[in-house]
Amino acid sequence: MAALDTLLARSDVVVLCAPLTAETRGLIGEAALRRMKPSAYFINVGRGASVDEAALARALRERWIAGAALDVFAQEPPPAGHPFYGLDNVILSPHVSGFLPSYDEKCSVLFAENLRRHLAGEPMLNLVDRARGY
């Protein structure tokens, strides 16, 4: 996080895939967007609340940055009339891009393995760290 300002200023593409925590809520706002190059692209596949959507819409409309691709939003789906819908330099996709036809089967396999581990007294896989928030 200490190098974020430098990274924003130097990057051609900024991809945000962070979980939503106290530290990442509102992480990308007007100041961060103004640090980016006018030729830079912003991609968010993390959490919608990590971005100030009003500031991002303004940055796209006024061309502070070249464009954005967004898979997550503060409200999903964005409501009718949301500013992102009218912009020609943004790609919007539904927050299901990670879905695979095998998703249910993989979840079942993970559940069965975690049940086996629980019954054997072994550590389970993919635990949420509540102290970190994800």
What length, rounded to one decimal in nm, is gained on full extension from residue 92 through to residue 119, with 0.36 nm per residue of separation minus their alpha-carbon distance? 5.4 nm
Estimated dipole of the chain in Debye, rounded to 20 [Cβ of Lys and Arg +1, of Asp and Glu -1, Cα centre]: 300
For the chain, what is the mean residue ellipticity at 222 nm derived from helices alone (per DSSP H run of n ≥ 4: -39500 (n - 2.57); sum divided by total residues; nearest 500 deg cm²/dmol)? -9000 deg cm²/dmol
Take the Cα radius of gyration of the range 55-115 and divide it by 2.2 N^0.38 Å, with N its residue count; two decimals is plenty. 1.63
Solvent-accessible heavy-atom area per residue, rounded to whole Å², over the range 43-105 at 1.4 Å: 56
Simple spin-label model, 7 Å along Cα-to-Cβ: residue 49 to residue 11 in nm? 2.1
Rounded to a whole %, the carbon-and-sulfur portion of the accessible area of the chain at a 1.4 Å probe is 59
Taking just the alpha carbons, could you work out the radius of gyration and Dmax for the chain, both in angstroms? 18.2, 58
Taking only the alpha-carbon atoms of the range 1-42, what semi-axes of the equivalent ellipsoid follow from 5 times the gyration tensor eigenvalues under a square root, in whole Å, largest first? 18, 10, 10
Please report the relative contact order for the range 1-64, taking Cα pairs under 8 Å with a sequence separation of at least 6, and give it as a percent rounded to a whole number. 41
With the contact rule set at Cα under 8 Å and sequence spacing of 6 or more, what percent relative contact order holds for the range 39-134? 23
Could you order the peptides 109-122, 20-33, 77-90, 42-55 from most to least packed, using the average number of other C-beta atoms within 10 Å per residue? 42-55, 20-33, 77-90, 109-122
Backbone N under 18 Å from the residue 128 label point (7 Å along Cα→Cβ), restricted to the range 72-107: 107
If you line up the long axis of helix 103-120 against the longest principal axis of the chain, both from Cα atoms, how many degrees apart are they, to the nearest 10? 50
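The values are calculated or read from the model by the stated rules, or taken from the named source; none is laboratory data. As the structure is a prediction and not an experimental result, all values here were calculated from the model. Cβ atoms come from the backbone with ideal geometry, glycine included; neighbour counts cover every protein chain shown. SASA here: full protein model, heavy atoms, side chains in, ligands and nucleic acids out. Shrake-Rupley method; radii C 1.70, N 1.55, O 1.52, S 1.80 Å.
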